[in-house]
Amino acid sequence: MITIIGAGPVGCYAASLLAEDFEVTVFEEHKTIGLPVQCTGIVTQEIYRYVPKRNNFVINKTRDVRIFSSNGKHLKLKLEKPDLVINRTRFDNYFYRKAKKQGVKFVFNHRFIAVKRNNALIKDLKSGKIKKIKFSYLIGADGPRSEVAKSTGITRKRKYFVGLQTIVKKKNSNIIDFYPLKHGFAWAVPENKSKLRVGVALSTNPQGCNKILKKLLRKYKGKVIERQGGLIPIFNPMAGIRKNNIFLTGDSAGFVKATTGGGLVQGLKSAEILAHTINNNLSYEAGIYLHLFPSLLLHLKTRNIMDSFSAKDWNQLIKELNTKESKKALQKVNRDKLFQLLFKVAINKPELIKHGLKHVRSLF
């Protein structure tokens, strides 16, 4: 029997892939799938590797992106393929229904506590009783604060971005605004032509999030109709992802891009790797290192360089990228394929290699 902790899209996807050969039960501490929302909900076309193009959760598409430097100047791009804005509750429910169709059992209002031998100790939040659930495999898909990770000692200490997001009622031009920050990033993402998702995430000085968010809200004047918040794990190549027959996947394993905090595509990919591992008795670590690790490591190293940039560096970089050749390269490759993106920019703008080498010490 396989026990999965967490009924987010990654946990549900892993469950659906494993249900053909195993009895799978998913435990979720919340009452409802997809709530509370703790996600900006912007993804690239890579998501269509995992979901059909005809769906009810892609609620907006946009090709227009602006990347701002601290002096207010910006780089404007028109992407070859539009970014997608999703409704996370509907998105999560798609994977829930997919797993249910495969015969996966779901138990809500139950919180994982610990592991004792090959038993998961799980608390019924209604009755307060602790249940012993025997498992052959235990999968932690329980998010950034993963209790499976902590209680089993797979990984205890993790670094995070602290994220704050507001939903603002405001007419807009359907443009994504991205603000690279030292130790973080900020954004304004159009949910539709009358709503924006405005937010910020920082890995240091989380108190500074409020200050930056207030500044952004002064820029994007409108009525705040909802506030959200949460932690975004920062990928750590040295962190554990498995201990015997206990596995971590998705946010629980820290499989998130350190440049932008996005992790849906990476999480779903990790679920595929995990299911293939268990179904075929293979090495999970080998699968992750081969298919996911290189990309995540590149995003981490790029984040290290970004954090070493001064305001002057960012201003200069945006200026240098604001050429026809560089913009053409940037517009063709999505950000889930960072190596291709950096390579194309370097080919079209070789002087940027010198600019990057100035900060190469930040990689180590």
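The values are calculated or read from the model by the stated rules, or taken from the named source; none is laboratory data. Note that this is a predicted model, so its numbers are computed, not measured. We place every Cβ from the backbone using ideal geometry, glycine too, and count neighbours over all the protein chains shown.
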Lone qualifier among Gly261, Gly267 - being under 24 Å from Ile139 (Cβ atoms), modelled with pLDDT under 95 and surrounded by 15 or more Cβ atoms within 10 Å (Cβ to Cβ): Gly261
Within segment 183-211, the count of residues that are of a type in the set (Gly, Ala, Ser), part of a loop (DSSP other than H, G, I, E, B) and surrounded by fewer than 17 Cβ atoms within 10 Å (Cβ to Cβ) comes to 1
Requiring at least 1 residues that are not assigned by TED's automatic domain parsing to the domain that holds Gly8, the helices (runs of 4 or more DSSP H) wholly within segment 245-321 are 293-308, 311-321
Just checking, which of Lys257, Lys243 is farther than 27 Å from Thr40 by Cα and in contact (Cβ under 8 Å) with a residue 24 or more places away in the chain? Lys243
Checking Lys214 against (1) among the charged types (D, E, K, R); (2) within 17 Å of the chain's Cα centre (by Cα); (3) not in a strand (DSSP E or B), which single condition isn't satisfied? (2)
Looking at Ser146, Ser69, can you tell me which residue is of a type in the set (Ser, Thr, Tyr), assigned by TED's automatic domain parsing to the domain that holds Phe247 and in contact (Cβ under 8 Å) with a residue 12 or more places away in the chain? Ser146
Condition (residue is at negative phi and buried (at least 23 other Cβ atoms within 10 Å of the Cβ)) applied to segment 220-232: is it met by at least one residue? yes
How many residues are over 21 Å from Lys150 (Cβ atoms) and either touching a Leu at 6+ places or on another chain (Cβ under 6 Å) or crowded, with 19+ Cβ neighbours inside 10 Å (or both) when one looks only at segment 273-286? 4
Taking first residues from segment 193-220 that are of a type in the set (Gly, Ala, Ser) and second residues anywhere that are part of a loop (DSSP other than H, G, I, E, B), the pairs with Cβ under 6 Å that are 6 or more apart or on different chains are Ser194/Lys171; Ala201/Gly261; Ser203/His183
Hits in segment 185-218 (condition: closer than 20 Å to Val37 by Cβ and among the small types (Gly, Ala, Ser)): Ala186, Ala188, Ser194, Gly199, Ala201
Among the residues of segment 133-142, is any in the same structural domain as Lys221 (by TED's automatic domain parsing), touching a Ser or Thr at 6+ places or on another chain (Cβ under 7 Å) and within 22 Å of Ile33 (Cα to Cα)? no
Total residues in segment 260-313, condition over 27 Å from Lys243 (Cα atoms) and without any contact (Cβ under 8 Å) to a residue 12 or more places away in the chain: 2
From the list Ser69, Ser16, pick out the single residue that is at pLDDT below 95 and small (Gly, Ala, Ser). Ser69
Does segment 154-182 hold any residues that are over 30 Å from Glu285 (Cβ atoms) and not in a strand (DSSP E or B), and which are they? Lys170, Lys171, Asn172, Ser173, Asn174, Ile175, Lys182
Among the candidates Ile113, Ile130, Ile122, Ile139, which residue alone is more than 11 Å from Phe27 (Cβ to Cβ), modelled with pLDDT of 95 or more and aliphatic (A, V, I, L, M)? Ile130
